[in-house]
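The values are calculated or read from the model by the stated rules, or taken from the named source; none is laboratory data. Because the structure is predicted, anything quoted here is derived from the model rather than measured. When we count neighbours, we look across all protein chains shown, and the Cβ atoms used for this are built from the backbone with ideal geometry, even at glycine. The protein model used for the area step is the full one, side chains on, heavy atoms only, and it has no ligands, DNA or RNA in it. Shrake-Rupley method; radii C 1.70, N 1.55, O 1.52, S 1.80 Å.
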Amino acid sequence: MIINTLIIGLGNVGMIYDNPKNPKLIQSHAKSLSLHPNFNLMAGIDPVLEKRNLFEKTYKKIAFKSINDFKNESQINSKIDLIIISTPTETHLKVIEESLDIFNPKAILCEKPLSYNYEDAEKIIRICDDFNVDIFVNYMRRCDPGVIEIKNKLDRNIIKNPLKGNCWYSKGLYNNGSHFINLLEFWLGNYKKLKIIDKGRSFNSKDIEPEFFIEFEKGSIIFRSAWEEHFSFYNIELISESGLLKYRKGGEQINLYKVENDKRYFGYKNIGNKEYNIKSEMEIYQYNVLEEISKNFLGKYTTICKGKEALRTQKIIYLISKNL
């Protein structure tokens, strides 16, 4: 099975994130597509000439300035199975509308969030339904083997529920906080209750950094914001009667600590000092996203975030911003 793919947007996650000094990293769409055996990178689209030139030089594929410039390439556009949209968030709706006027893909992978506007996010889902196109949103942590292992342990009650926890995020609620809301929905189920703790600050003209409490089906989490201008900070700690889970450095390190008998005081128990490492593959996260998309094309179960699941995350963000 070969999935012919077009990238629209050759910026950071589209092409630039991968560090040429570390060839083991696979963190952009272009590099992951060039390496995965089930995908064929057909072309790229970006308005910036320097990015198009870099794409053509690096990946030996043609790049176009706009969707309209690509329009007449009938030999290519008729074969597109998957479109990856990594343009700025405020353009997602327009780009999806223009793409579906020209192409007939089986699926779209869109960067998160779908939109800064909840109504536009709903419209994106409706449009894709109307065209019978699967829409995925790139909350890539759901495709990481370590995250999936935690999900399995939670579902099998090896990690017992209910859980309580803290989540630190930085660089804005839409940009990065949404990743961790979506991840905790994946682990703990749908949200039941929301409470604002502090309205926080504006991160930029489009994003916010509030602090808030969410009760999910399997547990409750307090979300706190850090200062991205000084350092990135993405950590989750979850505690339950079975022990402690630490999800650190955005998922690069995942450790479980089990409950043990206290060696000092008879009859008491504590969180043990021994770490049980859960293997993460965040260094190749975009490759694992493609693995999950491959499964979907083959009709298999996949953990990738589907459009309607992303819309539930977007609803939580909408409710947070509405209540500030």
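Local charge sum around N175 (other residues, Cβ-Cβ under 13 Å, Lys/Arg +1, Asp/Glu -1)?
Values: positive: K112, K171, K206; negative: E90, E111, D207, E209, E228.
Surrounding charge for N175 is -2.
Taking 7 Å steps out from each Cα toward its Cβ at S34 and E149 produces label points 3.0 nm apart. In a DSSP loop and with at most 11 other Cβ atoms within 10 Å, the trypsin sites (Lys or Arg not before Pro) in the range 218-284 are K263, R264, K274, K279. If you take Rg and Dmax of the Cα atoms in Å from the coordinates, which of (i) 22.0, 72; (ii) 19.9, 63; (iii) 20.7, 78 do you get? Derived directly from the coordinates: (iii). When the square roots of the Cα gyration tensor eigenvalues are ordered a ≥ b ≥ c, the ratio a/c for the range 77-136 is 1.5 or more and a/b exceeds b/c, which makes its shape prolate.
Sites listed here are trypsin sites (Lys or Arg not before Pro) in the range 6-69 whose DSSP assignment is loop and whose Cβ has at most 11 other Cβ atoms within 10 Å: K21, K24, K60.
Springs between Cα atoms under 10 Å define the GNM used for the chain, and in it the highest mean-square fluctuation of N12, N273, N152 occurs at N273.
Let me know the shape class of the range 147-196, please: from the alpha-carbon gyration tensor, a ≥ b ≥ c as square roots of the eigenvalues, rounded when a/c is under 1.5, otherwise prolate if a/b is greater than b/c, or oblate.
On the way: a/c = 2.36, a/b = 1.67, b/c = 1.41.
Since a/c reaches 1.5 and a/b is larger than b/c, the shape of the range 147-196 is classed as prolate.
If one takes the longest principal axis of the Cα atoms in the chain, at what angle in degrees, from 0 to 90 and to the nearest 10, does the Cα axis of helix 92-102 lie? Long axis of 92-102 versus the principal axis of the chain: about 40 degrees.
Legend: translational diffusion of the range 1-44 by Stokes-Einstein, Rh = Kirkwood radius over C-alpha pairs, 25 °C, 0.890 mPa s; D = 230 µm²/s. Once divided by 2.2 N^0.38 Å, the Cα radius of gyration of the range 214-324 becomes 1.40.
Roughly speaking, what is the stretch gain from K246 to Y301, that is 0.36 nm per residue apart minus the C-alpha to C-alpha distance, in nm to one decimal? Don't jump to the answer; show the numbers that get you there.
On the way: separation 55, 0.36 × 55 = 19.80 nm, distance 2.70 nm.
Additional length available on full extension: 17.1 nm.
Candidate cross-link partners of K31 among the aspartates and glutamates, defined by an alpha-carbon separation under 13 Å and a same-chain spacing of 8 or more, comprise D18, E56, E283.
Evaluated at q = 0.13, 0.14, 0.24 Å⁻¹, the base-10 log of the normalised Debye intensity for the range 30-136, with identical point scatterers placed on the Cα atoms, takes the values -0.48, -0.56, -1.49. A Förster radius of 45 Å, combined with the Cβ-Cβ distance separating K106 from N255, puts the computed FRET efficiency at roughly 0.70. Annotation: for a label point projected 7 angstrom from Cα along Cα→Cβ of E122, residues of the range 297-324 with backbone N closer than 17 Å are 307-323. Evaluated with a Cβ-only charge set (Lys, Arg +1; Asp, Glu -1), the range 110-254 carries a dipole of roughly 540 debye about its Cα centre, given to the nearest 20.
The fraction of accessible area contributed by carbon and sulfur in the range 140-179 is 44 percent, rounded to a whole number (1.4 Å probe; ligands and nucleic acids excluded).
Apolar share of the accessible surface for the range 265-324: 50 percent from carbon plus sulfur atoms, 1.4 Å probe.
Between the helical axis of 285-297 and the longest alpha-carbon principal axis of the chain there is an angle of about 70 degrees. Between the Cα long axis of helix 49-59 and the first principal axis of the chain there is an angle of about 80°, rounded to the nearest 10. Binning the C-alpha pair distances of the range 168-281 at 5 Å intervals from 0 yields a P(r) profile of 2, 11, 17, 20, 17, 14, 9, 5, 2, 1, 0, 0 %, listed from the shortest bin outward.
Which whole-number value in Å² is the accessible area per residue of the chain, probe 1.4 Å? Walk me through the intermediate numbers first.
Values: 16060 Å² over 324 residues.
Per residue, the chain has an accessible area of 50 Å².
For the residue pairs K106/K300; K160/K306; K153/K246; K106/K308; K151/K279; K160/K192, the C-alpha atoms sit more than 22 angstrom apart in K160/K306. Only alpha carbons enter this Debye calculation for the range 103-190, each as an equal point scatterer, and the log10 of I(q)/I(0) it gives at q = 0.12, 0.22, 0.25 Å⁻¹ is -0.48, -1.14, -1.25. Considering only S205, S115, S178, the Gaussian network model of the chain with Cα springs below 10 Å gives its largest mean-square fluctuation to S205. Placing a pseudo-label 7 Å from each Cα along the Cα-to-Cβ vector at D69 and E283 gives an inter-label distance of 3.6 nm.
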